[in-house]
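What follows is one structure encoded as structure tokens, with my remarks underneath.
Each reported figure results from applying straightforward, stated rules to the coordinates on display, with no laboratory input. These numbers come from a predicted model, not from an experiment. Don't worry about glycine lacking a Cβ; one is built from the backbone with ideal geometry, like all the others, and counts go over all protein chains shown.
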Amino acid sequence: MQYSFWAFFKAVALFAVALSMLPATLFAQNKKRDTVVVRHLEESRITSVAKPSPTLQSAPVQVMDRTAIERLGVQELHEAVKNLAGVNIRDYGGIGGIKTVSIRSLGAQHTAVSYDGIAVFDIQSGQVDIGRFSLDNVEMITLSIGQSDEIFKSARMFASAGTLNITSSVPVFEECGTNVIARMKVGSFGTYNPSLLLEQRLGSRWSIGANADWVTSKGDYPFIIDNGRELEHLLRKNSDVNTLRAEINLWGSIGASGKFSLKASGLSGERGLPGSVVLYNQDAFERLWDKNGFVQASYNTALGEKWDLKSVLKYNYAWSKYYDESQRYPLGFVEDLYTQQEYYCSIATRFKPAEGVEVTFAQDLFYNTLDASIPECPFPERINSLTTLAGKYQGSSVTIVASLTNTYITEKVQKGDPAPDRNNLSPALSISWKPFKATNLRIRASYKMGYRAPTFNDLYYLRVGNTNLRPERADQYNLGLTWSDTFGKEESGWLSATLDGYYNSVEDKIVARPTLFIWKMMNIGKVQIAGADLSVTSRVRFGSDHSITLSTNASYQYAVDISDPESKTWRHQIPYTPRISGAANLAWNNPWVNLSYIISFVGEKYSLPLNVERNLIKGYAEHTISAYRDFNLRRVSFRLQGEIINFTNKMYDIIQYYPMPGRNFRLTLKIKI
Amino acid sequence: MKRTLLRLAIIAGAVLIMSSSSCLDPNNGKEPEIPLTTIGTYILNNGNFGSNDANFTAYNPYTKELNYNIFERSNEGRKLGDTAQDMIAFGSKIYIAVYNSGVIFVTDLEGKVIKEIKTKATGSAANLSPRFFTTWENYVYVTFYEGYAGKIDTTSLTVTALAKVGDNPEQIKIAGEKLYVANSGGMNYPNYGKTLSVLNPVTMDVMSEVKVSDNPVYLESDSRGNLYVISMGNYNDVPSCLQIVNPNNDSVQKLELEGITPTFIAKGPGNALYLVSSSYDANWNLIADYYIFDTNKKEIYGKLIKDGTRVENPYSLSADTLLTLIYIGTSDYVTNGQMYVIDAFGQMYHAFDTGGLNPITACPVTAGGQKDK
């Protein structure tokens, strides 16, 4: 009975795949490609990616495009994301330290991460380490809080409380049909990162690209531990990293409006895990090996005047090996292997019955498996079916977006009982209104209900897992103002500002509750979050080739535990959530050397639910300066870039007892032929 | 009436001690002719693994005064380290096992560090992780989770002998002049250890092994020299149980205690052993109860708490046999622990915040009696 049920699902999945490929041959008509008209107030660039304007959105959306990335001189994804409002990055320090993104105190598991529109997922932990992405070939980073106005997308992108989208560059060819970019980055603590990118035009409709990069680092940075009278100067041991990444891309046009892309990506890495700093004990032997590969294909096309179709297929394989040695283990060491697989397909259609009106329907199916070598692994398998119906009206002064997403999850295990099937409906509604003709002031309001399903670790991890878990529910309410305009002579200046106040609540929060001898995952937490995000960006051009850009954001988060009024942690700020945080950056583009200065500030926070001095982690401000210059020699262009990161040499922790590096340097040479 | 008398006796004792010494510094070097008396109790907080937040609190059972963070205060702000596991007072010194920091601190009675003992097994660069102590004659014995038992010379404060025992040893105890070590095998789930190692406490030679139920952790000896063993089971289909080992022939008797799942044990005065029984309901809520066990009759004598006080989430059990005070540490693993002190009549004597996470033991510090070691 159960098997026929699974066979049915697999058949449905195959059918969906076949269906998604079908239109390529059937609908090859000449239709102009639809683009949302966005007022490009910023300098334009040759790019094939449409950039959304943050101030027009009905829910908070922040965008950092290639120009902004280069202007800031940031080289890593987490360095870029740090400059966005309402975001907490958990960073375990160093190049190999895991980095996850939590939006507005909801926790990293409520943040979906997509790479070129296709979800990146970890079924085991539910959170994505953004440290694995290279920023070198990224065209744009978009962070949406709640529901974004782009409704023509996969159902998975509707289901989370927030999404971080990473969009990679699509090649732009000049008269010669070949691009070659080579980079060499050298950094402190024995860090080397060479990379190479090749792109080739294949006729008028197709192009192919390949890139590879290798990161190696000793990572043995110095840090200081304050232990009473003595300040101990130590080196972070067992923090080395060695990772090779490679990617092949194929882009093509099929028929008049069909766009096809194929991406195959592989990563293989090894790193030491330095662990938390343990007083009086410097032993660290934990290591982690990763192998990850995925192939994803997407195909978009118009189906007649009013219909569009988008389809996606993906296969992902992730393998990791954890190793630790200690005589505490019966064999003197422990080695755990984990293999995850995902098969994913998505199909989305858009119908535009009238000007400014869109209706979309998306259906996603994905199938995940986990094999682990740890004792009593039940080898769980999960089928997810996500269905979204969304609508949007975009007029000159009002935008309304509504969506309804249904999540259905069913699981199977080889030992014990699987978690029961789950079905959840999450609605979202957002409105943006421009009340006055004379000014660009807009008022926006939105609501979204999001669920995060329990991960395989939550459900099935050895002894800790609990198959009775319900999904964690997050409700988000947002009310905001946005404004942007130009000023000065010949519109030489530009200012954009957004202010959002929000209220979130998390119910049935999944937390590990320690019992006398065993930890158990439970739905016991309740969190209430009230906060505000402010961001202001301004640019002034002067002379023919100078510009100064100032961008700032500040966040306030009152995120407290309201699980139990009798508890000692009642209304205490939840761990790792600063009340205040912010970032500011100033960039001066000029004909000589482009300069940027970034400060990121994170206020004090607590490492554990109890807000007492013992658990307090001090606030910090990190300062980074960056400089670069482009020059040409014959037909080869060069860029030389240098950064001093944390130049005040501030010693700080993001995670308690995971010290962050002090002052460090990075130098990059980029050669483009 | 009886309680009032007890209180008076305690206060009289307190006045006697207080007048001759400061809180935890006995005798000031002199040796007054007083009987062995408790002069205070340290409460050791295990802390949160990885947070370097182990600490201990001084508790005066006479005045109910509390002084927090003794280690930091006595050592210029220095921290005790990560995951303190056990503490004993022996002679004029305190021994503290800080498990994850891999260090044994030897301090004076005020908590000021005299010696930091780090131990390595031959052929390994890593420090061994101390777990539990016991004492015998002039020695302190310690288990190391890496599978060793060590003998500490209390004069030189060094580990003079290291014996290889079973996997992941927990408690260690002398019974009938033999040294027993509980080999829990706790890191080898689901194949827990099933033995006690028996050592000669003088030579530290392993003499034999005693087979017990899965996952032996807690040991206690009674006044007749029998050894009591709690095996925790596999937290699944093998339940925890209480066993008695006769040191004369190392025979094991498993006790059938109806409705009791023993989880902690502590020795009381005379024939008394204190027991904590805890089990879970279907929703993983802990149900705990507290008993006195009669070592003469080898049966439950009665309930430990008689005044209806509800003590939930037990985390540790210790006893002061001189004052007949029973210390039950409780923990929710997130906030500061709570210590419940129960007197000889089963009445709640005092309950207080332990000043740290996971109170793992209450360590009475004594003075007088036999000559200090």
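I need to check one value: relative contact order of segment A:125-233, counting alpha carbon pairs closer than 8 Å and at least 6 residues apart, in percent.
17
Restricting the GluC sites (Glu not before Pro) of segment B:45-90 to loop positions (DSSP other than H, G, I, E, B) with no more than 12 neighbouring Cβ atoms within 10 Å leaves B:Glu65, B:Glu76. Specify the residue with the greatest mean-square fluctuation among B:Ser208, B:Ser221, B:Ser318, computed from a Gaussian network of chain B linking alpha-carbon atoms under 10 Å apart. Greatest mean-square fluctuation among the candidates belongs to B:Ser208.
In whole Å, what is the distance between the alpha-carbon centres of segment A:198-238 and segment A:554-608? Computed from Cα coordinates, the inter-centre distance equals 24 Å.
Other chains' Cβ within 10 Å of A:327-334 residues: what's the mean? Display every interim value, and only then the final one.
On the way: counts 14, 12, 6, 9, 3, 3, 0, 1.
Averaged over the peptide's residues, the number is 6.
Panel order for B:Ser124, A:Ser204, A:Ser446, A:Ser114, by other beta carbons found within 10 Å of each beta carbon, from fewest to most: A:Ser204, B:Ser124, A:Ser114, A:Ser446. Counting beta carbons within 10 Å around each of B:Phe90, A:Phe601, B:Phe133 and listing the fewest first gives the order A:Phe601, B:Phe90, B:Phe133.
Projecting the Cα atoms of B:Thr309, B:Thr160, B:Tyr42 onto the dipole axis of chain B, where Lys and Arg carry +1 and Asp and Glu carry -1 at the beta carbon, places B:Thr160 farthest toward the positive end. Mean-square fluctuations from a GNM of chain B, with a 10 angstrom spring cutoff on Cα atoms, peak among B:Val98, B:Val198, B:Val238 at B:Val238. Other residues within the sphere of radius under 13 Å centred on the Cβ of A:Tyr323, judged by their own Cβ, net out at -4 (K and R +1, D and E -1). Computed over segment B:136-194, the range of Cα coordinates on each principal axis works out to 41, 24, 13 Å, biggest value leading. Annotation for A:Asp226 and B:Glu258: the two label points, set 7 Å from Cα along the Cα-Cβ direction, are 6.0 nm apart.
Residue by residue along A:271-284, Cβ atoms of other protein chains within 10 Å of the local Cβ number 5 on average. Between B:Met339, B:Met87, B:Met187, the GNM of chain B built on Cα springs shorter than 10 angstrom shows B:Met187 fluctuating the most.
Give the residue list of chymotrypsin sites (Phe, Trp or Tyr not before Pro) in segment A:381-455 that are DSSP loop and have at most 13 other beta-carbon atoms within 10 angstrom.
Answer in residue order: A:Phe436.
Summing charges over all other residues whose Cβ lies under 14 Å from the Cβ of A:Asp475, with Lys and Arg as +1 and Asp and Glu as -1, gives +3.
Applying the criteria of a DSSP loop state and at most 16 other Cβ atoms within 10 Å to the trypsin sites (Lys or Arg not before Pro) of segment A:234-274 yields A:Lys237. A helix-only calculation puts the protein assembly as shown at -2000 deg cm²/dmol for mean residue ellipticity at 222 nm, using -39500 (n - 2.57) for each DSSP H run of at least four residues, averaged over all residues.
How well do other chains shield peptide A:607-617, expressed as the mean number of their Cβ atoms within 10 Å of each residue Cβ? Don't jump to the answer; show the numbers that get you there.
Details: counts 4, 7, 4, 6, 0, 5, 0, 12, 4, 0, 0.
Partner Cβ neighbours, averaged per residue: 4.
Think of chain A as a dipole: +1 on every Lys or Arg Cβ, -1 on every Asp or Glu Cβ, centred on the Cα centre; then among A:Thr387, A:Met521, A:Gly304, A:Gly304 lies furthest on the positive end. Cβ crowding within 10 Å, taken as a proxy for footprinting-reagent exposure, orders A:Phe631, A:Phe223, A:Phe351, B:Phe105 from fewest neighbours to most as A:Phe631, A:Phe351, A:Phe223, B:Phe105.
Quick one: pull the percentage of alpha-carbon pairs in the protein assembly as shown with a separation above 46 Å.
Working: 209573 of 546535 pairs.
Looking at the protein assembly as shown, the distances longer than 46 Å represent 38 percent of pairs.
P(r) for chain B, from all Cα pairs and a bin width of 20 Å, is 29, 63, 8, 0 %, short bins first. Put the Cα centre of segment B:42-119 next to the Cα centre of segment A:420-473 and the gap is 46 Å.
Roughly how many debye, to the nearest 20, is the charge dipole of chain A about its Cα centre, given +1 on each Lys and Arg Cβ, -1 on each Asp and Glu Cβ, and no other charges?
Approximately 1100 debye in magnitude.
Longest stretch of chain A clear of exposed loop sites (GluC sites (Glu not before Pro), DSSP loop, at most 10 other Cβ atoms within 10 Å, sites excluded): A:356-565.
Using the Cβ of B:Phe132 as centre and a radius below 13 Å, the other residues enclosed give a net charge of -1, where K and R count +1 and D and E count -1.
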